[in-house]
1. Mind checking whether some residue in the range 82-97 is modelled with pLDDT of 95 or more, over 17 Å from Glu170 (Cα atoms), part of a helix (DSSP H, G or I) and assigned by TED's automatic domain parsing to the domain that holds Val154?
2. Any residue that is part of a strand (DSSP E or B) and not assigned by TED's automatic domain parsing to the domain that holds Pro158 - is there at least one of those in the range 112-119?
3. I'm told Met152 meets every condition in (1) surrounded by 17 or more Cβ atoms within 10 Å (Cβ to Cβ); (2) touching a residue at least 60 places away in the same chain (Cβ under 8 Å) except one. Can you identify the failing condition by its number?
4. What single numbered condition from (1) in the same structural domain as Ile165 (by TED's automatic domain parsing); (2) over 30 Å from Met136 (Cα atoms) fails to hold for Pro25?
5. Which condition number does Glu111 fail, the rest of (1) surrounded by fewer than 11 Cβ atoms within 10 Å (Cβ to Cβ); (2) under 21 Å from the mean Cα position of the chain (by Cα); (3) among the acidic types (Asp, Glu) being met?
6. Looking at Pro9, is it modelled with pLDDT under 90, of a type outside the set (A, V, I, L, M) and surrounded by 15 or more Cβ atoms within 10 Å (Cβ to Cβ)?
7. Out of all the residues in the range 40-58, which are closer than 12 Å to Ile15 by Cα and crowded, with 19+ Cβ neighbours inside 10 Å?
8. Would the range 49-67 turn up any residue that is free of Cβ contacts under 8 Å to residues at least 24 places away in the same chain, among the hydroxyl-bearing types (Ser, Thr, Tyr) and not in a strand (DSSP E or B)?
Amino acid sequence: MPPRRPEEPRVNHRIRFPQVRVIDPEGNQLGVMSPDDARGHAKEFGLDLVEVAPKARPPVCRIMDYGKYKYEQSKKSSGSARTSSKTYRMRPNISDHDLDTKLRKALSALEKGDQVKLVMRMRGRERAYPDRWVEMMKEIISTMEDRLDRDMTVVQRPKAEGRQITTLLEPA
């Protein structure tokens, strides 16, 4: 049998304490009893006995469907870590209307909770004036801050990286 990971709770016959406090599926306390009696109650419900508070004395065990519990825990951990990132590319000589459209899409992505990466790609003679385009990107960020309903944070300030200027924004 593979070793148990420390964050996994003990289930059914792995609970080895002389006494445990038992909670039924509805959340009512059944009292302090031996693990054998607690497993008997769990069997009546057709569920598992799961240790939810191992550091408490006596340890607290809940009667629940362990498979469902594990599934919900995995959904919680993967759902909170998931942040989507949207990239919007533009050129230094972008028209006002096109810029407005890009900003509107970027703002809606920020309001949904996504990270936004703005990339300004330079070609030819545009590469001779990167400072001018960095300033333009700073103005774009200040315009976005004025239009956005909630706060946003600038994770990476505009900086020139080769043929492009990038900045990274996320909702606060």
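1. The answer is yes; a qualifying residue exists.
2. no
3. The one condition Met152 does not meet is (2).
4. That leaves (1) as the condition not met.
5. Status for Glu111: all satisfied but (1).
6. yes
7. Those that are closer than 12 Å to Ile15 by Cα and crowded, with 19+ Cβ neighbours inside 10 Å: Asp48, Leu49, Val50, Glu51.
8. no
The values are calculated or read from the model by the stated rules, or taken from the named source; none is laboratory data. Here the structure is a predicted model, which is why all the values come from computation and not from measurement. Neighbour counts are summed over all protein chains in view; Cβ atoms, including those assigned to glycine, are modelled from backbone coordinates with ideal geometry.
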